[in-house]
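Asks: One structure, pasted below without further comment.
We did not get these values from a lab; they are worked out from the coordinates using the rules stated. As the structure is a computational prediction, the values presented were derived from the model and not from experiment. Glycine gets a Cβ as well: all are built from the backbone with ideal geometry, and neighbour counts include every protein chain shown.
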Amino acid sequence: MSALKVLFIGGTGTISSACSALALERGIDLHLLSRGTSDRPVPHGATALHGDIRDPASVRAALGDLEFDAVVDWVAFTPEHVRTDIDLFTGRTAQYVFISSASAYQTPPARVPVVESTPLRNPFWQYSRDKIACEEVLTAAYRQDGFPATVVRPSHTYDRTLIPLDGGWTVIDRMRRGKEVVVHGDGTSLWTLTHHSDFARGFVPLLGHPRTLGEAFHITSDDALTWDQITRALASAAGCEARIVHVPSDVIAAADPGWGAGLLGDKAHSMVFDNTKLRSVVPDFVATVPFEQGAREIVAWYDAEPTRRRVDPAHDALLDSLVERFRVG
């Protein structure tokens, strides 16, 4: 049996890098199409193709007459991106995988756990609305023309480079300096964090799988933590204490609309997921990396190189202002 031939558009990002590594480990003939500008190298064993997905002519030149068992676009964000992909890959692939987002689900959720049939509606965040619109284009293409689309919805997926707190290293630095940090709401909303290696274990088996066409799947850990727990896990990994000040999400949004969009459109609400549908096609899927371990990986990576530990003075000052207003006692 010949190896699956798969094209990743992208393939060196936070999530996709783990999927690339696992795909190669499992014998997939992996091709990566990119502009060649990522800080992460193309993994050994993958075939690098140089083209810009925003320039269809360059993609056609890079691909030549290649055909694939699956094509995954890690960098499609708008309906126009998806329409371009449909034009490029109709007749060239047996499966097209669109990377959507779990933030497309009804926000706030009417009930948890969230399942794939949960309505898609997010009035707070344009990013999520664009992902919903992309899915609608693909649904129509599948229904009308049989375009072999599969939708995958990651939730908050991280690797050692990604601190899952707004402000990034600035927050860790504050905790190490003994300063208070802000957690939205009362800190008790539940949030699901998924290590990128766990995501890959659910994702790679979907490639070339005949039962995935016309379907949507989310891939997440089953481990949900409160935001206070997440913050304290990072503090513990950094060898310090988390002095938490709780601030209402709408107040944060008024002070920083960018931060607020991600809160009101996603993180302010408890999000717990049911992975039963994924396990119906990947029966051995299990997430094995608890966030406490992931937090240690994150802090170790930042501590290994001083230039990674960048503090944002503007965000630091914003946190000072919010802490001053909402500090108790």
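Asks: How large is the Kirkwood hydrodynamic radius of the range 1-126, in angstrom, based on all distinct alpha carbon pairs?
Replies: On the way: mean 1/r = 0.0628 Å⁻¹.
One over the average 1/r among Cα pairs gives 15.9 Å for the range 1-126.
Asks: Could you give the distance between the Cα centres of the range 164-191 and the range 38-59, to the whole Å?
Replies: 36
Asks: If you don't mind, another one. Any aspartates and glutamates with Cα under 19 Å of the K277 Cα? List them, leaving off those in the same chain fewer than 8 positions away.
Replies: E116, E135, D198, E215, D222, D223
Asks: Whole angstrom only: what separates the Cα centroid of the range 85-109 from the Cα centroid of the range 251-316?
Replies: Answer, in whole Å: 22.
Asks: Mind giving me the nanometre distance, one decimal, between the label points for F77 and D55, set 7 Å out from Cα along Cα→Cβ?
Replies: Each label point lies 7 Å from its Cα, and together they span 2.0 nm.
Asks: Continuing with this model, one more query. Just subtract the alpha-carbon distance of V286 and A255 from 0.36 nm times their residue separation and send over the number in nm, one decimal.
Replies: Contour length minus Cα-Cα distance gives 7.2 nm.
Asks: Follow-up question, since we're still on this one. Give the cross-link partners of K5 among the aspartates and glutamates, using a straight C-alpha distance below 16 Å as the criterion and excluding same-chain residues fewer than 8 apart.
Replies: E25, D29, D65, E67, D69, D73
Asks: Going Cα to Cα from K179, which lysines come in below 28 Å? Please leave out same-chain ones fewer than 8 positions away.
Replies: Result set, ordered by chain and number: K267.
Asks: Would you list R174, R60, R83 from fewest to most Cβ contacts within 10 Å?
Replies: Fewest-to-most ranking of R174, R60, R83: R60, R83, R174.
Asks: Let me ask another. Counting each DSSP H run of 4 or more residues in the chain as -39500 (n - 2.57), what helix-only mean residue ellipticity at 222 nm follows after dividing by all residues, to the nearest 500 deg cm²/dmol?
Replies: Working: 12 runs with 122 residues, N = 329.
The helix-only estimate for the chain comes to -11000 deg cm²/dmol at 222 nm.
Asks: If you place +1 on the Cβ of every Lys and Arg, -1 on the Cβ of every Asp and Glu, and leave all else neutral, what size is the dipole of the chain about its Cα centre, to the nearest 20 Debye?
Replies: Using only the charged Cβ atoms, the result is roughly 240 debye.
Asks: If packing is taken as the mean number of other Cβ atoms within 10 Å per residue, what is the order of 236-244, 9-17, highest first?
Replies: Ranking, from highest mean packing down: 9-17, 236-244.
Asks: To continue, here is another question. For C240 paired with T161, estimate the spin-label separation in nm (one decimal), with each label point 7 Å from Cα along the Cα-to-Cβ line.
Replies: Spacing of the two 7 Å Cα→Cβ label points: 2.4 nm.
Asks: Fewest to most neighbouring Cβ within 10 Å: what's the order for H315, H195?
Replies: Fewest to most other Cβ atoms nearby, the residues stand as H315, H195.
Asks: What relative contact order, as a whole-number percentage, does the chain give when Cα pairs under 8 Å and 6 or more residues apart are counted?
Replies: Working: 612 pairs, mean separation 61.7, N = 329.
Relative contact order, the chain: 19 percent.
Asks: Shape verdict for the range 225-297, please, from the Cα gyration tensor: rounded (a/c under 1.5), prolate (a/b greater than b/c) or oblate.
Replies: Because a/c hits 1.5 or more and a/b fails to exceed b/c, the range 225-297 counts as oblate.
Asks: Compute the length gained on full extension between V328 and A94: take 0.36 nm times their separation in residues and subtract their Cα-Cα distance, giving the result in nm to one decimal.
Replies: 78.4 nm
Asks: Tell me, what is the FRET efficiency for R308 and R177 to the nearest 0.05, using R0 = 25 angstrom and their Cβ-Cβ distance as r? Before the final figure, lay out the partial values.
Replies: Values: r = 17 Å, r/R0 = 0.69.
After rounding, the FRET efficiency stands at 0.90.
Asks: Given axes a ≥ b ≥ c from the Cα gyration tensor, I'd like to know whether the chain is rounded (a/c under 1.5), prolate (a/b larger than b/c) or oblate.
Replies: The shape class here is prolate.
Asks: Can you give me the long-range amide H partners of I244? Hydrogens built in the peptide plane at 1.01 Å from N, cutoff under 5 Å, separation of 5 or more residues or another chain.
Replies: Hits under the 5 Å cutoff: V181.
Asks: Right, another one. Using label points projected 7 Å from each Cα along Cα→Cβ, tell me how many nm separate S38 and E25, to one decimal.
Replies: Those two pseudo-labels are separated by 1.7 nm.
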